[in-house]
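First comes the structure, then the notes that go with it.
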Amino acid sequence: MNRLVVAGAAILLLAAGCSEGGREEPDANEGSAAKQSSGYTIAFVTHERPGDTFWDKVRAGAEQAAIDTGVDLKYSNDPDAGKQATLIQQAVDSKVQGIATTLVTPEALAGSVKAATGAGIPVVGLNAGIEQYKELGALMYFGSDETLAGESIGERLATAGAKHPICVIHQQGSVALEARCAGVKSKVAATENLQVNGADDAAVTTALQAKLAQDSSIDYIVTLGAPVALDAVQAKEQASSPAKLVTFDLNKEMAQAIKDGKVEFAIDQQPYAQGYMAVTSLYLYLKNGNDLGGGGPVLTGPSFVDSSNIDTILPFTEKNTR
Amino acid sequence: MSRSTSMGRAGRLLARPEVGALVAAVAIFLFFLAVAPAFRSAGSLFTVLYQSSTIGIVAVGVGMLMIGGEFDLSAGVIVTSAGLVNSLFCWYFGVNLWIGALLSLLFCLAVGFLNGWLVMRTGIPSFLITLGTFFVLQGVNLGVTKLVTGSVSSTDIADIDGFSSLQAVFASSFGIGDVTVWTIVLFWFFFVALSAWILQRTRPGNWIYAVGGAAESARAVGVPVVRTKISLFVTVSFLGWFVGMHNLYRFNTLQAGNGVGNEFLYIIAAVVGGTLLTGGFGNAIGVAIGAFIFGMTSLGIVYAGWDPNWFRAFLGVMLLLAVLVNHYARKWGSR
């Protein structure tokens, strides 16, 4: 065993530094020094399922805002509604100065959010809960309206003459994803939903391929997340389908696919901005009493990314900020 | 595999683990032929075979492991770990992808060895040991990916040296007419045949049935129990690595959270294929048919164009039926 390890290390050393296409060495002077602390501690609680590029951007935005404002950020997440409520309750118990949270399951979270406002801790909602944040007692809201976003895609498809789109749901039972597809369907009535297993790229690809083979009248594929869209590119090629592809959400590879013309457009709810604004708004409220949105929600999307603006946006996706 | 001699010919046939699964597979196949017009083409059949192979290859190892009386819950995530080790290492250090693939292989074999060694050393059920490995790998996948790339998905490695040759090995396809044949399907057939040969024709095959059926008596008659079981865990990890390589070189990037849940699909394939959850019974052809039933069912619903919200429910009914047919065929056969 030891000899194997030594041999392996030797091969590695021999071959090191002999290939193209890897990481670019970062500049030594990159990375900003943390500002002086503002003395505020803010809890940031989401329903992130670990390992999703979307939530990674929300968190990156929140962390950058914390650095820029000198806030001490406590990030926590749990996709289970009950556990997310407990996380909010924990933040209240540890007497943070502010709480930013997603309100994806308003009924389950109501108790904890009330406990927070009851203890005089300001709460800001983000990403989900646009209908309910006010009655729960949250001060402000940053996010996209999923139904509205779906409708904007639907309108654009209708204008382009779409007859029979399929809307690919990659997480069974998600209210937000269902709302997006319902939004598309409200504008193009023939829209059909397809359920796939988002945790397995091969399964997503074959399911889509099967759907395209089953119904040759499908002219648009709407995916609800960037990684799923990339699988759809493969499925389209396999099925030699002429259907056009549009998607929700961006990531680096997705942006490149738009630039290459493999994807028509992506609709972006700007998750980085959601995280950034939620923290910054709490900071401004604590420091200055500011109330952003003038009593209404602040929309971070829908924002269209297509061939007309991809050159501007592509570099940002490489930095994980869009 | 049953070695009883007091049966009739028909009974002996039906008591074979794969026969019940075969009956179910034929029934499901005919059913979808009838209800789903899009199912009736060679292209569709090969899409089903492709879907089955990505489950079926790891299921070969999981089936052998289950015959040997153990479980591996880390088998789903290690597929993703395998790809991530390869991808992240080569991207970060800018080295040829072949080195990363080799390193990833060593890593996977080490995880398999550790699983087996811990189970044998401690006597704790493999269900618990590999549940631990499952969580560790899941967390490490996410944590390391985030540290290395600054995001939770690996970066595109298509420009790194060695990509095209590795893609040719692990994720190539060729066309016959308008049918796409992925070579991973052929690899699946090969692994199934190899496993069937080992289980039926070789001494280690006998050892696997012996350690799964009655480990203590096997030990008493000189079967190397520890070595056999550890080898089985290593086999599962090796096959996980193989599918991980396919996923990486077909999709170029990987999401760090992927693979979770697939460990159950492997176990389901093995069980539907006639492998006993208690060990000591089953065979490779059965496991392959089990994976094929899964692939056929999950895609057949789509080919039939049914409401996708019912997908899981329908899948569950199909699987229950397959297991029931299997169960009663075996009972009837061994009367």
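Please state which of the following conditions B:ILE124 fails to meet, knowing it meets all the rest: (1) more than 14 Å from chain A (Cβ to nearest Cβ); (2) within 23 Å of the chain's Cα centre (by Cα); (3) of a type outside the set (S, T, N, Q); (4) open to solvent by 50 Å² or more (accessible area, probe 1.4 Å).
Here B:ILE124 clears every test but (2).
Going through the stretch A:165-213 one residue at a time, which ones are charged (D, E, K, R) and within 21 Å of B:PHE294 (Cβ to Cβ)?
A:ASP200, A:ASP201, A:LYS211
Report, by residue number, each residue of the stretch B:165-184 that is open to solvent by less than 20 Å² (accessible area, probe 1.4 Å) and either more than 17 Å from A:ALA235 (Cα to Cα) or of a type in the set (Lys, Arg) (or both).
B:LEU166, B:PHE170
Checking B:ARG250 against (1) touching a residue at least 12 places away in the same chain (Cβ under 8 Å); (2) more than 22 Å from B:LEU84 (Cα to Cα); (3) more than 17 Å from the chain's Cα centre (by Cα), which test does it fail?
So B:ARG250 meets the others, but not (2).
Looking only at the stretch A:171-218, count how many residues are out of contact with any Leu (no Cβ under 9 Å at 6 or more places or on another chain) and among the acidic types (Asp, Glu).
3
In the stretch B:207-224, which residues are part of a helix (DSSP H, G or I), in contact (Cβ under 8 Å) with a residue 12 or more places away in the chain and open to solvent by 40 Å² or more (accessible area, probe 1.4 Å)?
Result: B:TRP207, B:GLY213.
Which one is nearest to B:SER41 (Cα to Cα), of the residues in the stretch A:229-241 that are open to solvent by 10 Å² or more (accessible area, probe 1.4 Å) and in contact with a helix residue (DSSP H, G or I) (Cβ under 8 Å, 6 or more places away or on another chain)?
Step by step, filter the stretch A:229-241, then rank; the result is A:ALA239.
Among the listed residues A:ASP260, A:ASP200, A:ASP215, identify the single one that is within 13 Å of chain B (Cβ to nearest Cβ), charged (D, E, K, R) and touching a strand residue (DSSP E or B) at 6+ places or on another chain (Cβ under 9 Å).
Step by step, each of A:ASP260, A:ASP200, A:ASP215 is checked, and only A:ASP215 is within 13 Å of chain B (Cβ to nearest Cβ), charged (D, E, K, R) and touching a strand residue (DSSP E or B) at 6+ places or on another chain (Cβ under 9 Å).
Please specify each residue of the stretch B:139-160 satisfying the condition of being touching a residue at least 12 places away in the same chain (Cβ under 8 Å), open to solvent by 40 Å² or more (accessible area, probe 1.4 Å) and closer than 17 Å to A:LYS319 by Cβ.
Result: B:LYS146, B:ASP156.
If the Cβ limit is 9 Å and pairs must be 6+ apart or interchain, which residue in the stretch A:294-318 that is without any contact (Cβ under 8 Å) to a residue 60 or more places away in the chain pairs with which residue that is part of a loop (DSSP other than H, G, I, E, B) and among the small types (Gly, Ala, Ser)?
Close Cβ pairs (under 9 Å, with a partner that is part of a loop (DSSP other than H, G, I, E, B) and among the small types (Gly, Ala, Ser)) amount to A:SER303/A:SER144; A:SER307/A:GLY261.
Enumerate the pairs (first residue in the stretch B:318-333 and open to solvent by 80 Å² or more (accessible area, probe 1.4 Å); second residue anywhere and in a helix (DSSP H, G or I)) with beta-carbon separation below 7 Å, excluding pairs fewer than 6 apart on the same chain, so at least 6 apart or on different chains.
Here the result reads B:LEU321/B:ALA24; B:TRP332/B:LEU14, each pair linking the stretch B:318-333 to a residue that is in a helix (DSSP H, G or I).
Does the stretch B:263-272 contain at least one residue that is open to solvent by less than 20 Å² (accessible area, probe 1.4 Å) and at pLDDT below 90?
yes
Which numbered condition trips up B:GLU70, out of (1) over 18 Å from B:VAL260 (Cβ atoms); (2) surrounded by 24 or more Cβ atoms within 10 Å (Cβ to Cβ); (3) within 9 Å of chain A (Cβ to nearest Cβ)?
(3)
Among the acidic types (Asp, Glu), without any contact (Cβ under 8 Å) to a residue 60 or more places away in the chain and in contact with a Leu (Cβ under 9 Å, 6 or more places away or on another chain), is that true of A:ASP268?
In short, yes.
Any residue at all in the stretch A:224-245 that is under 15 Å from the mean Cα position of the chain (by Cα) and on the phi > 0 side of the Ramachandran plot?
No.
When you scan the stretch B:127-143, do you find a residue that is of a type outside the set (Ser, Thr, Tyr), modelled with pLDDT under 95, in contact with a helix residue (DSSP H, G or I) (Cβ under 7 Å, 6 or more places away or on another chain) and more than 15 Å from B:LEU248 (Cα to Cα), even just one?
yes
If I filter the stretch B:84-94 down to residues being in contact (Cβ under 8 Å) with a residue 40 or more places away in the chain and within 10 Å of another protein chain (Cβ to nearest Cβ), which single residue comes out as surrounded by the most Cβ atoms within 10 Å (Cβ to Cβ)? I'd like the intermediate steps shown before the answer.
Residues of the stretch B:84-94 in contact (Cβ under 8 Å) with a residue 40 or more places away in the chain: B:84, B:86-88, B:90-92, B:94.
Filter once more, keeping what is within 10 Å of another protein chain (Cβ to nearest Cβ): B:88, B:90-92, B:94.
Numbers: B:LEU88: 24, B:CYS90: 28, B:TRP91: 23, B:TYR92: 15, B:GLY94: 18.
The qualifying residue surrounded by the most Cβ atoms within 10 Å (Cβ to Cβ) is B:CYS90.
From (1) of a type in the set (Asp, Glu); (2) surrounded by fewer than 18 Cβ atoms within 10 Å (Cβ to Cβ); (3) under 25 Å from A:ALA176 (Cα atoms), pick out the condition that doesn't hold for A:ASP56.
Among (1) of a type in the set (Asp, Glu); (2) surrounded by fewer than 18 Cβ atoms within 10 Å (Cβ to Cβ); (3) under 25 Å from A:ALA176 (Cα atoms), the lone unmet condition for A:ASP56 is (2).
To keep it simple, each residue is scored yes or no on (1) hydroxyl-bearing (Ser, Thr, Tyr); (2) more than 23 Å from B:LYS146 (Cα to Cα); (3) in contact with a Ser or Thr (Cβ under 9 Å, 6 or more places away or on another chain); (4) outside any strand (DSSP E or B).
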| residue | (1), (2), (3), (4) |
| --- | --- |
| A:ARG59 | no, no, yes, yes |
| A:ILE67 | no, no, yes, yes |
| A:TYR75 | yes, no, yes, no |
| A:GLN89 | no, yes, yes, yes |
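Kindly provide the set of residues from the stretch B:228-262 that are charged (D, E, K, R) and at pLDDT 95 or above, ordered by number.
Listed by number, the list holds a single entry, B:LYS229.
Going by the structure shown, is A:LYS262 out of contact with any Ser or Thr (no Cβ under 9 Å at 6 or more places or on another chain), open to solvent by less than 50 Å² (accessible area, probe 1.4 Å) and of a type outside the set (Ser, Thr, Tyr)? Before you say what the answer is, go through the steps one by one.
Working: out of contact with any Ser or Thr (no Cβ under 9 Å at 6 or more places or on another chain): yes; open to solvent by less than 50 Å² (accessible area, probe 1.4 Å): no; of a type outside the set (Ser, Thr, Tyr): yes.
So A:LYS262 does not fit the description; no.
Kindly check whether there is at least one residue in the stretch B:118-131 that is in contact with a strand residue (DSSP E or B) (Cβ under 9 Å, 6 or more places away or on another chain) and in contact (Cβ under 8 Å) with a residue 24 or more places away in the chain. Don't jump to the end; show me each part of the working.
Of the stretch B:118-131, the ones in contact with a strand residue (DSSP E or B) (Cβ under 9 Å, 6 or more places away or on another chain) are none.
No - not one qualifying residue is present in the stretch B:118-131.
Grab the helices (runs of 4 or more DSSP H) fully contained in the stretch A:103-205, keeping just those with 2 or more residues being among the basic types (Lys, Arg).
Correct list: A:175-187.
Listed residues A:GLY70, A:GLY118; which is over 19 Å from A:GLN270 (Cβ atoms), more than 23 Å from the chain's Cα centre (by Cα) and open to solvent by less than 60 Å² (accessible area, probe 1.4 Å)? Let's see the steps before the verdict.
Values: A:GLY118 fails: open to solvent by less than 60 Å² (accessible area, probe 1.4 Å).
Exactly one of A:GLY70, A:GLY118 is over 19 Å from A:GLN270 (Cβ atoms), more than 23 Å from the chain's Cα centre (by Cα) and open to solvent by less than 60 Å² (accessible area, probe 1.4 Å), namely A:GLY70.
Quick check: anything in the stretch A:279-297 touching a Ser or Thr at 6+ places or on another chain (Cβ under 7 Å) and within 14 Å of another protein chain (Cβ to nearest Cβ)?
No, every residue in the stretch A:279-297 fails to be touching a Ser or Thr at 6+ places or on another chain (Cβ under 7 Å) and within 14 Å of another protein chain (Cβ to nearest Cβ).
The values are calculated or read from the model by the stated rules, or taken from the named source; none is laboratory data. Because the structure is a prediction, the values reported are computed rather than measured. Backbone-built Cβ (ideal geometry, glycine too); neighbour counts: all protein chains shown. For the accessible areas, the whole protein counts, side chains as well, though only heavy atoms, and no ligand, DNA or RNA atoms are used. Shrake-Rupley method; radii C 1.70, N 1.55, O 1.52, S 1.80 Å.
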